[in-house]
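Chemist: Quick one: the structure is below, and I'll ask about it shortly.
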Amino acid sequence: MAVFIFIAIVVVLLLVLFLSIYPVFGGKPGEQTLARMKKSPHYSNGKFENVLPSAMSMSLRENLGLLMEFARGNKLASPEKEVAVMPLHPQSFKDKLAGQAKVTWFGHSALLLELDGKKLLLDPMLGRAPSPVPWIGGKRFSGSLPIEIEELPAIDAVLLSHDHYDHLDYGSIKRLKDKVGRFFVPLGVAAHLERWGVAPDRIEEFHWWEETVWEGIHMACTPARHFSGRGLTGRNGTLWCSWVLHGREARIFFSGDSGYGPHFRQIGEQYGPFDLTLMECGQYDSRWAAIHMMPEESVQAHLDVKGDVMIPIHWGAFRLAMHDWRDPVERALKKARELRAKLATPRIGEPVPIGTGTYPSDEWWRS
């Protein structure tokens, strides 16, 4: 018995040591940020809360059932062969269309937005797998990216919606940080970046409904219905959000991760209409419907914020739920046709001009 107790103590100590020194888990907010958090009406007992109740807890039986489902797998949850990408050449940032507002999808929720002559990366998870230990997590469907991080031009700003591994990737930030001018993040997330070598004076933190004007682009941190956390502790210790971007050339809404709720209509009333919405549309399940929309809800949310064209994101790169990997876009297309909404379906790496009236609609995933 003494031996077992000793082994258990050693295992616990090693786990605590691992969690404290492994940089991927990020940092903890400093005193100034904590003071701002405590003033928030959505912060209580050390945690942020959604505006609406958003239960995510499942019974032991449900959790065991979910583990069994993932263990058994679903052949249709991942593509049979690697998803093809459209190569993005460094020279493309210097061609005659380089000054035009456009967005390029990198799979999942990672996007490169070119607006008013500025280059912004949204949730640039450009790593192999959305996991604290990347060689263990499921690999990217496409195998490769349209362009390597080192080949990207200078990035004027990075915007983050929250700190989950499939949105905030340690390896990507380490490779990107020296070519990025500014980082705009929800409250608490700056601590992760600072631990990874980003200077504090290059980071700005925001609470819901806070606004700024940067390089002529009006930006607003807006609500989302989700949660946050890295590691085994600290769930909801940092904020999650969506983003509004109003430039001279176009108006963009980026949903981040969110369950459906009245905040979309509020955002539309306050900041709409939008030329383009980038709306999460995948990794859903009825058991966590409060924090991830079903595809039909994604289309409705697009209409709620008064969007013109919608690009479905948060799909096409990783398996984080058990649905068919093609279901998000198929279901969204069906709903969009029913509601007469405009849905753009670019390939990974395909630039989409904004506000031109033309957008890709090829159903490439079927081939």
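The values are calculated or read from the model by the stated rules, or taken from the named source; none is laboratory data. Since we're looking at a predicted model, the values are computed, not measured. Here the Cβ is made from the backbone with ideal geometry for all residues, glycine too, and neighbour counts use every protein chain on show. Areas reflect the complete protein model, heavy atoms only, side chains present, ligands, DNA and RNA absent. Shrake-Rupley method; radii C 1.70, N 1.55, O 1.52, S 1.80 Å.
Chemist: Could you tell me which numbered condition V83 fails, if it satisfies all but one of (1) assigned to a loop (DSSP other than H, G, I, E, B); (2) open to solvent by 40 Å² or more (accessible area, probe 1.4 Å); (3) at pLDDT 95 or above?
Modeler: (2)
Chemist: Go through (1) at negative phi; (2) of a type outside the set (A, V, I, L, M, F, W, C); (3) open to solvent by 30 Å² or more (accessible area, probe 1.4 Å); (4) at pLDDT 95 or above for K139 and report which single condition fails.
Modeler: K139 satisfies all of (1) at negative phi; (2) of a type outside the set (A, V, I, L, M, F, W, C); (3) open to solvent by 30 Å² or more (accessible area, probe 1.4 Å); (4) at pLDDT 95 or above except (4).
Chemist: Could you give every pair whose Cβ atoms fall below 6 Å, whose first residue belongs to segment 266-290 and is at pLDDT 95 or above, and whose second residue is aromatic (F, W, Y), counting only separations of at least 6 or pairs across chains?
Modeler: F274/F253; T277/F253; L278/F254; C281/W315; G282/W315
Chemist: Follow-up question, since we're still on this one. Does A190 satisfy being open to solvent by less than 30 Å² (accessible area, probe 1.4 Å), at pLDDT below 95 and of a type in the set (A, V, I, L, M, F, W, C)?
Modeler: The answer is no for A190.
Chemist: Only one of (1) touching a Gly at 6+ places or on another chain (Cβ under 8 Å); (2) of a type outside the set (D, E); (3) surrounded by fewer than 24 Cβ atoms within 10 Å (Cβ to Cβ) is not met by P200, so which one is it?
Modeler: (1)
Chemist: Consider segment 161-209. How many of its residues are more than 13 Å from the chain's Cα centre (by Cα), closer than 19 Å to G229 by Cα, touching a residue at least 40 places away in the same chain (Cβ under 8 Å) and assigned to a strand (DSSP E or B)?
Modeler: Adding up the residues that qualify gives 2.
Chemist: I want to confirm something. Restricting to segment 142-165 and keeping residues that are under 16 Å from G107 (Cα atoms) and surrounded by fewer than 17 Cβ atoms within 10 Å (Cβ to Cβ), which single residue is modelled with the lowest pLDDT?
Modeler: Selected residue: G143.
Chemist: State which residue is most open to solvent (accessible area, probe 1.4 Å) when the search covers only segment 348-367 and only residues that are among the acidic types (D, E) and farther than 11 Å from T104 by Cβ. Steps first, please.
Modeler: Going residue by residue through segment 348-367, those that are among the acidic types (D, E) are 350, 362-363.
Within this subset, residues satisfying the condition of being farther than 11 Å from T104 by Cβ are 362-363.
Numbers: D362: 82, E363: 49 Å².
Looking at the filtered set, the residue picked out is D362.
Residue-wise test of (1) at pLDDT 95 or above; (2) touching a helix residue (DSSP H, G or I) at 6+ places or on another chain (Cβ under 7 Å).
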site: G256; (1), (2): yes, no
site: G307; (1), (2): yes, no
site: M322; (1), (2): no, yes
site: W325; (1), (2): yes, yes
site: R331; (1), (2): yes, yes
site: T345; (1), (2): yes, yes
site: E363; (1), (2): yes, no
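Chemist: Considering only residues that are open to solvent by 10 Å² or more (accessible area, probe 1.4 Å) and within 10 Å of the chain's Cα centre (by Cα), which ones fall in segment 104-130?
Modeler: none
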